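Asker: Starting off with a structure, shown below.
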Amino acid sequence: MKVDVLLGLQWGDEGKGKVVDVLTPRYDVVARFQGGPNAGHTLEFEGHKYVLRSIPSGIFQEGRINVIGNGVVLDPILFMEEAEALEKSGVEMKKLLKISKKAHLILPTHRLLDAANEAAKGSGKIGTTGKGIGPTYTDKISRNGLRVGDTLSPDFAGRYAAAKSRHLAALASLGVTDPDVEALERKWMQAVEYIHQYDLADTEHLINGYLHDGKKVLCEGAQGTMLDVDFGSYPFVTSSNTVTAGACTGLGVAPNRIGEVYGIFKAYCTRVGSGPFPTELFDETGRQIRDIGHEYGAVTGRERRCGWIDLVALRYAVMINGVTQLIMMKSDVLDGFDTVKACTAYRVNGETVTDFPYDVDGLEIEPVYTEMPGWKTPMSGMTSESEMPGAFLDYVAFLEKELGAPITILSVGPDRAQTILRQ
Ligand code: GDP
Ligand code: IMO
Ligand code: MG
């Protein structure tokens with residue numbers, strides 16, 4: 001068997017959680033492969049709304065195994081809060097969830113370092129989620145990290161203390177002296193004990209075993225391609241590989257085991273935090289998209305920056321990920337617009353550019369738009385493609401041609417049921 005991968009093609013918040021939940025009935029296993037509680041994946045069904053941070057979005061579909069892979073960074077406190085809330089709502093967490101022993105731990109001091117690093121950058125700050133993501137992956141790559149499996153070792157307390165004192169020295173060099181970590185630390189240690197109630201495993205063996213047994217596995221990405229540490233708008237990115245290749249390293253799945261790659265995007269574009277955004281709108285249209293699309297962070301409530309769809313960035317994302325199927329979200333948000341625009345190229349210093357540029361952050365970019373008539377029809381109650389307005393289907397066909405892959409799912413609202421599967 002092969003694994004299928006679902007990931008974001010833009011700057012995150014494309015609607016990954018919703019679609020993973022919709023697709024899970026086709027799978028036996030759902031696995032997260034990177035990122036951590038910087039993610040906020042929203043699911044809505046039967047009148048309830050849930051926001052998942054570290055736990056895969058397959059958790060609500062009965063009997064499915066969910067895996068937190070080695071590529072994920074885990075904050076025990078946030079994990080415990082999330083898992084306990086789900087247990088209260090009846091999810092059999094300890095039966096359904098497996099956690100990689102190789103996943104790295106976010107320490108309380110990682111969060112403090114995240115904040116201190118951001119403060120030190122001043123106006124050049126990244127606008128991180130403040131969850132300690134960058135410092136934790138930094139420790140991983142510099143071979144200083146602590147992993148979930150290490151908490152089972154007799155010398156864990158000593159290793160924790162060594163990491164903490166290294167972090168305190170780094171904090172002092174950033175001007176943060178005597179931070180109050182004691183209370184957080186106590187809670188963190190309790191949360192580590194809580195995690196010991198779960199199946200802590202070498203999940204690469206589990207996943208490959210599932211594939212060997214003919215089970216179907218869906219890998220769930222977090223963040224989006226334009227936030228990838230290698231291919232995104234560096235340095236305004238997250239600290240992990242959010243692209244398809246990240247599923248290989250983040251779960252221990254060989255590249256020749258990748259099957260379908262579902263690339264998910266919004267009918268427009270959003271971004272939270274700092275960094276380049278060529279099609280960003282600062283006008284009334286941008287505000288309208290934000291209001292109609294409720295474009296505020298799922299966790300932080302931060303206002304998301306909004307703009308028209310960027311096909312230069314999307315074509316790049318389709319290429320890097322080897323996307324085989326596209327999924328278009330939030331089509332309904334554009335229902336009321338007289339015209340819709342899509343950026344097909346950038347004008348840079350008088351030249352037309354169609355490849356996403358290396359120095360996107362330093363360039364004066366003028367988007368080149370194709371404008372199309374809006375469909376001016378509410379679509380959120382529609383349940384099949386045959387009901388959809390011609391102008392909308394023309395827009396979909398235009399996008400498929402520009403992106404070179406079929407759009408197989410159209411989402412017209414936040415609820416599980418507001419999803420149209422195309423033939
Ligand atoms: P994720 O991080 O990729 O899982 O996405 P988020 O959950 O952060 O953000 C997507 C937001 O859009 C959530 O509030 C969803 O409930 C909502 N949403 C998802 N699909 C649709 C859709 O088709 N239409 C509308 N109007 N909202 C949607
Ligand atoms: P989901 O999975 C949108 C952004 C932050 C910041 C940058 C780095 O819900 O799509 P970090 O805390 O990772 O060091 O922040 O990345 N960012 C996201 N933006 N959706 C996300 O996740 C994000 N996770 C991180 O806003 O600009
Ligand atoms: Mg999100």
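Bear in mind that the values in this text are calculations on the coordinates, not laboratory data. Everything numeric here is computed off the predicted structure, so don't read it as measured data. Positions of Cβ are backbone-derived with ideal geometry, glycine not excepted, and every protein chain shown enters the neighbour counts.
Asker: Counting only residues 5 or more places away or on other chains, whose amide H sits under 5 Å from the amide H of residue 407 once H atoms are built in the peptide plane?
Answerer: Close amide H contacts, sequence-distant or interchain: 326.
Asker: Please turn the phi angles of the range 379-394 into ³J(HN,Hα) values with the Karplus equation 6.51 cos²θ - 1.76 cosθ + 1.60 (θ = phi - 60°), one per residue in order, whole Hz, x for glycine and proline.
Answerer: Values per residue, Gly and Pro as x: 10, 5, x, 7, 10, 8, 4, 5, 7, 7, x, x, 5, 5, 5, 5 Hz.
Asker: Could you check which residue among 224, 36, 259 shows the biggest mean-square fluctuation in a GNM of the chain with a 10 Å Cα cutoff?
Answerer: 259
Asker: If the viscosity is 0.890 mPa s and the temperature 25 °C, what translational diffusion coefficient in µm²/s does Stokes-Einstein give for the chain when Rh comes from Kirkwood over Cα pairs?
Answerer: 111
Asker: Residue by residue through the range 96-110, what is 3J(HN,Hα) from phi via Karplus (6.51 cos²θ - 1.76 cosθ + 1.60, θ = phi - 60°)? Round to whole Hz and write x for glycine and proline.
Answerer: 9, 10, 10, 10, 5, 5, 8, 5, 7, 9, 8, 8, x, 6, 5
Asker: At residue 254 and residue 190, where each label point lies 7 Å from the Cα along Cα→Cβ, what is the point-to-point distance in nanometres?
Answerer: Placing both labels 7 Å along Cα→Cβ, they lie 4.6 nm apart.
Asker: Okay, next question. What are the residues whose amide H is under 5 Å from the amide H of residue 13, where those residues sit 5 or more places off or on another chain and H is modelled from the backbone?
Answerer: The list, which skips near neighbours in sequence, is 223.
Asker: Between residue 197 and residue 178, 0.36 nm times their residue separation minus their Cα-Cα distance comes to what?
Answerer: 3.5 nm
Asker: How much FRET efficiency would the formula 1/(1 + (r/R0)^6) give for residue 169 and residue 45, where r is the Cβ-Cβ distance and R0 is 41 Å, rounded to 0.05?
Answerer: For residue 169 and residue 45, the calculated efficiency is 0.30.
Asker: Right, next: Are there chymotrypsin sites (Phe, Trp or Tyr not before Pro) in the range 320-423 that DSSP puts in a loop and that have at most 13 other Cβ atoms within 10 Å, and which ones?
Answerer: Filter output for the range 320-423: 358.
Asker: Mind checking the full-extension length gain between residue 26 and residue 422? Use 0.36 nm per residue of separation minus the Cα-Cα distance, one decimal, nm.
Answerer: Residue separation times 0.36 nm, minus the Cα-Cα distance, leaves 141.0 nm.
Asker: Taking θ as phi - 60°, what are the ³J(HN,Hα) couplings along the range 407-417 by the Karplus curve (6.51, -1.76, 1.60), each to the nearest whole Hz, with x for Gly and Pro?
Answerer: 8, 9, 9, 10, 9, 10, x, x, 6, 2, 6
Asker: So, in nm, how far is label residue 352 from label residue 138 when the simple model puts each one 7 Å beyond its Cα toward the Cβ?
Answerer: In this crude label model, residue 352 to residue 138 measures out at 4.4 nm.
Asker: Starting from 0.36 nm per residue, how many nanometres of slack lie between residue 371 and residue 155 once their C-alpha separation is accounted for?
Answerer: Result for the pair: 71.5 nm of gain on full extension.
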